[in-house]
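Novice: First, the structure itself, so that you have it in front of you.
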C-alpha cells in the first residue's frame, strides 16, 4: 500500500517568511503500533493491526545548505537547482534562523558541495535517517500507540516472541548443529547442519514471530545467508526477503577500543542479538522497545546502538520534531580562551580519597541522575550557555527523560517489570553528559561539559559541608556519591534535596571495606560492603571485573556470600576461618579446574603489539586458529605458559599455567583478606586475623594441601 | 616577530613552517622566548595535547583554542587573527575527515601570509605530510643523543612520568 504524505518542511520557502509548522493529524498513521521502519525509496512502516502489515510512503526530504557568500557559488547553486530541485528557504538552527537552500539529494551530493566550497558551506539534515526524520516530522514513534506519550513507562504489547539459542561456536563453526527454539514450547534441533537449518527455517516460517531473540545473531546471520544462497533456500527472518546491512567497525569509546560486528537486519521483524546487544543485556526487550520509542529508531537499530548513540538519536528526533535542523558537521569550535581560564574550567568530577579500612554503619548518599539533572536545573545548553530567560534545547529535551527515570526508579522497587526500562534510561542519562563534550555530538559544546562538572563539584562540596555541619563524618566521595557516618541520614538527604534541587537517595551499609592502593592510601573505586538488606555491593574487585576467570570469580563470590552473614564489622571475625577455607579449597582444586572456567575474556585494543604481552599472544593465537580479528573484539583465552607468553583460544586449550592462575587467585584473596587483617582504629581495629590465618596455614601445610602464602 | 627554534633556525612572521622535533625542543623554544608573551599568540591543540600542561608562558596575550574535529580546526584557523599561531598536530582529528586536509593546508598557508604559523608534530604521519606540503619550510630536528633516530608517535595521551604534574587537579570522572 502506498500513500502520499504532505512533506513538512521546517520552514516555508520562496517568500523568505517563516511558516508555522502545520499540525498534521493523519488518520492513516494515527493509532498505529509501529513495529519496524525502513527508509528505502521512501519510508516503509511495519505496524500491528491484528497481524503485521506494511505501508509505504513516498518521502523525499531535502537537506539544507547555507553559504556565507552565495554569489561566489552561483554556478553551483544553478546546477543544484536544475538537478536537485534546490530552492531558497529559511530554516531554523539551534542558534537562530539561516537563509539558505533546500536540496533534494543525498549524502554524496552534500559531500561534493563540501569539497567544492572548501568547507565554507554549512549543511544540515544530511545524515538524519529517513525513517526517523519521517516519524519525527509526523510526530509518531515506534513501539507504542501513536496517540500516546513516548514518555510513559507503560506500553503494553502482545508481540509474538521466539528465542533461538545456538549452542555452536560461530567463530569455529560455519553451520549450527545444536539449536533450541523457545516459544510456547521448546524445540530441540540437533543433527547435521543441513537438517537443523532447514528445520529452523520451517519453524520460523510457521511461528511467524514479531520478535526474534537470537544468540550471536549478527555472527550467524551471514552464515545462514550464505548457506541459504548456496542451497536455494529462502531465509525466513525478513518479512520481505530483504535485509539491511550494517557494516562492521571498530571505534574508540570512553578510552577503549570497541568492535561492532556487521549485521543483517530483517524487514518487518525485530531481530536482537542477545549476546552482542548491550541495550538488551541491560534493559531486556522492554528496554530496547523504550529506546526505540524515545529515539524514533526501529528496535532493530535501537538494540544495536550504544547508549551514547541512542541519546544522540533522541536529541536528533526531538530537534526534527521541533523544526530545528541538525548540523551535518561539527564546525563550531571552542571559544578562544586564556590558559588560566582553561586550567580553572577544565576539571572533572570531585573525588574525596577514603582512608582504607573497614567501617561499620555507613550511609551512601547517591544523587539520582546528577549530571542530567544539573543540565535541566541549571539550563545548560550549547545555545543558551550564559543566557537567562529562555530554556535551552538540551535542558528541555532532557527534562522529560529525567522525570521518567525518577518514575521508573521508584516503580522498579515495587515492580521488577520496570527494571529494564529504568536501566535503559540510566545508561542514556549517564552518557548524555559525556556527549556534551563528545567531538561528534550534534548538540554538544565543550563549555557545557565544563559547566556541568563545575556545578557538580560545587554540589558535592556543599553536600560535604552540610553533612559535616550536622555531625557526620565524610569517609569517601566520588562525583555523585558520598559515604558518610553519623545519625539522621533521612534528614540530611531531605536537606540536601532542598538545598541542591536534586533528588538524592541513601543506602545503608552494615559494614564496608575501602581497599588500599599500593601506596597505602584508599582506592577511589574499589570497595565492597554489606547493605542493610543483607546483600553485598561490590565495585572494582575481581568478582566484578569482566576479565576475571569464572573460577576466580566463583571463589570470591563464595567468600562474599559468607561475609554477608556478618551484620557488623566485629562479626566478620566469625566468618574469617570459613572464608580462608574457601581460598584454600580453591587453591587445592586449581589443578583440576575445568579449562573453560579459567578462560580470560578481554577486549583487544589493537591487532599488533610492539611488546611481548599476554594480550598480544592471545591475538596471535586467535590469528593462528584462523579467526579474523579486529580491534575492539572480545577474545577468550587460557594462559598456557605466562613466562613464555603462550596462550590458547578457549576452545583449543588443553592445559594451563598453574602458577599464573595461582597469582590471580592470590590477588583476589588479597582483596578479601584485607577485611580481616586491617588493624586501624575502628571497631575491628584490634583484630589479629593475620596471625590466626598464618597458624591455620602452617597447620594445613603439615597436612600437605594448604597453599603457599 | 621571530622565534628561534634552535641556534641558526629562526622562524619569521609571514611564514608557515612545519616542524618535526622532540617535544623538549619545541617547548624550550616556546617557554624561553619572551617575545611569545608580548605578541598575541594562539595555541591550538586537540583533546590530548602533549605540550599544553608543560607550556609555562603565563602572559594574557597567549590564548588557546581546542578543536576536537577537523571541521573545528578549520574554523579555528580561519578565525585566528593572531600574530603567532602554534598548532600542535593531532592526527586523530583526520580519522574519517581526510577531505579536509587540503582546505586546512590552504587555510594554514593563507594564515601564514601575515602571521607566524607553526604546525608542530613530534613525528611524521600521513596527515602531517599532506599539510606540510603547503608549508614554506619543513624543519625536522632529530633528538641530539641519537642521530638519525625518528621519534615514534606513541599514542596520544599526554601523561609522562618524568613530566611536570598535569594541570588537572581532580581525577577524571569514570
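Bear in mind that the values in this text are calculations on the coordinates, not laboratory data. As the structure is a computational prediction, the values presented were derived from the model and not from experiment. When we count neighbours, we look across all protein chains shown, and the Cβ atoms used for this are built from the backbone with ideal geometry, even at glycine.
Novice: Please work out the C-alpha center-to-center distance from segment A:518-572 to segment A:391-466 and express it in whole Å.
Specialist: A separation of 28 Å, based on Cα centres.
Novice: Take peptide B:101-112, look around each residue's Cβ out to 10 angstrom, count Cβ atoms belonging to other protein chains, and average those counts. All intermediate terms of the calculation are to be shown ahead of the outcome.
Specialist: Working: counts 0, 3, 6, 2, 0, 2, 2, 0, 0, 0, 0, 0.
For peptide B:101-112, the averaged partner shielding equals 1.
Novice: Moving on to the next point. How do A:89, A:493 line up, fewest other C-beta atoms within 10 Å first? Don't jump to the answer; show the numbers that get you there.
Specialist: Details: A:89 23, A:493 18.
The most exposed by this proxy come first: A:493, A:89.
Novice: A further question on this structure: In deg cm²/dmol and to the nearest 500, what is the mean residue ellipticity at 222 nm of chain A if only DSSP H runs of at least 4 residues count, each as -39500 (n - 2.57), divided by the residue total?
Specialist: After summing the helix terms and dividing by residue count, I get -12000 deg cm²/dmol.
Novice: Indicate the gyration tensor shape class of segment B:2-140 (rounded, prolate or oblate), computed on the Cα atoms with a ≥ b ≥ c the square roots of the eigenvalues: a/c under 1.5 is rounded; otherwise a/b larger than b/c is prolate and the rest oblate. Kindly include the intermediate steps, with their values, before the conclusion.
Specialist: On the way: a/c = 1.40, a/b = 1.35, b/c = 1.04.
Rounded, since a/c falls under 1.5.
Novice: Another question, if that's okay. Using a basic spin-label model with each label point 7 Å from the Cα along Cα→Cβ, how many nm lie between residue A:104 and residue B:114?
Specialist: For the pair residue A:104/residue B:114, the computed spacing is 4.4 nm.
Novice: Could you work out how far helix A:278-295 tilts from the main Cα principal axis of chain A, as a 0 to 90 degree angle to the nearest 10?
Specialist: That works out to roughly 30 degrees.
Novice: Right, here's the next one. In what sequence do A:645, A:251 fall when counting other Cβ within 10 Å, fewest first? Numbers along the way, then the final one.
Specialist: Values: A:645 16, A:251 12.
By the 10 Å Cβ count, ascending: A:251, A:645.
Novice: Along the Cα→Cβ direction, 7 angstrom out, place labels at residue B:92 and residue A:416. What is the inter-label distance in nm?
Specialist: Rounded to a tenth, the inter-label distance reads 4.1 nm.
Novice: Would you order A:413, A:607 from fewest to most other beta-carbon atoms within 10 Å of each residue's own beta-carbon? Mind showing how you got there, number by number?
Specialist: Working: A:413 10, A:607 14.
If I rank by nearby Cβ atoms, fewest first, I get A:413, A:607.
Novice: Work out the FRET efficiency for residue A:336 and residue A:465 from their Cβ-Cβ distance, taking R0 = 22 Å, and round it to the nearest 0.05. Walk me through the numbers on the way to the answer.
Specialist: Numbers: r = 35 Å, r/R0 = 1.60.
Result of the calculation: an efficiency of 0.05.
Novice: What average count of beta carbons from other chains do you get within 10 Å of the Cβ of residues in B:54-62? Before the final figure, lay out each step's value.
Specialist: On the way: counts 0, 1, 1, 1, 3, 2, 3, 1, 3.
What the average comes to for B:54-62 is 2.
Novice: Estimate the FRET efficiency between residue A:568 and residue A:377 by the formula 1/(1 + (r/R0)^6), using the beta-carbon distance for r and 41 Å for R0, to the nearest 0.05.
Specialist: Values: r = 39 Å, r/R0 = 0.94.
It comes to 0.60.
Novice: Another question, then. Starting from the Kirkwood Rh over alpha-carbon pairs, what translational D in µm² s⁻¹ does the protein assembly as shown have by Stokes-Einstein at 25 °C and 0.890 mPa s?
Specialist: Numbers: Rh = 31.0 Å.
D = 79 µm²/s.
Novice: What is the gain in length, in nm to one decimal, between residue A:499 and residue A:655 on full extension, counting 0.36 nm per residue of separation less the C-alpha to C-alpha distance? All intermediate terms of the calculation are to be shown ahead of the outcome.
Specialist: Details: separation 156, 0.36 × 156 = 56.16 nm, distance 6.00 nm.
In short, 50.2 nm is gained.
Novice: Now for a separate question. Run through the DSSP bridge list for the protein assembly as shown and note the antiparallel percent, rounded to the nearest 5. Could you put the intermediate results ahead of the total?
Specialist: Details: 91 of 125 bridges.
Around 75 percent of the beta bridges assigned by DSSP in the protein assembly as shown are antiparallel ones.
Novice: Can you say what percent of the DSSP beta bridges in segment B:1-142, counting only those with both residues inside, are antiparallel? Round to 5. Write out the running numbers ahead of the final one.
Specialist: Details: 4 of 27 bridges.
Roughly 15 percent of the beta bridges in segment B:1-142 run antiparallel, per DSSP.
Novice: Sort B:49-61, A:660-672, A:266-278 by packing, meaning the average of other beta carbons within 10 Å per residue, with the highest value first.
Specialist: Details: B:49-61: 16.5, A:660-672: 19.1, A:266-278: 21.4.
Descending packing order for the listed peptides: A:266-278, A:660-672, B:49-61.
Novice: Taking only Cα atoms, what is the 0 to 90° angle, nearest 10, from helix A:307-321's long axis to the longest principal axis of chain A?
Specialist: Compared with the principal axis, the helix lies near 30 degrees.
Novice: Just to verify a number: FRET efficiency for residue A:343 and residue A:160, C-beta to C-beta distance, R0 = 60 Å, to 0.05? Working shown, then result.
Specialist: Details: r = 59 Å, r/R0 = 0.98.
Calculated transfer efficiency: 0.55.
Novice: Still on this structure: Taking Cα centroids, how far is segment A:104-160 from segment A:166-188 in Å?
Specialist: With segment A:104-160 and segment A:166-188 each reduced to a Cα centre, they are spaced 36 Å.
Novice: In percent, how large is the relative contact order of chain A, given Cα pairs closer than 8 Å and 6 or more residues apart? Could the numbers behind the result be given before it?
Specialist: On the way: 1285 pairs, mean separation 72.4, N = 709.
Relative contact order comes out at 10 percent.
Novice: Separate question: Would you mind calculating the gained length between residue A:88 and residue A:172 on full extension (0.36 nm times residue separation, minus the Cα-Cα distance), in nm to one decimal?
Specialist: Working: separation 84, 0.36 × 84 = 30.24 nm, distance 5.70 nm.
Value of the extension gain: 24.5 nm.
Novice: Taking 0.36 nm per intervening residue step and subtracting the Cα-Cα distance, what contour gain separates residue A:508 from residue A:111 on full extension?
Specialist: Details: separation 397, 0.36 × 397 = 142.92 nm, distance 5.63 nm.
Taking 0.36 nm per residue and subtracting the Cα distance, the gain is 137.3 nm.
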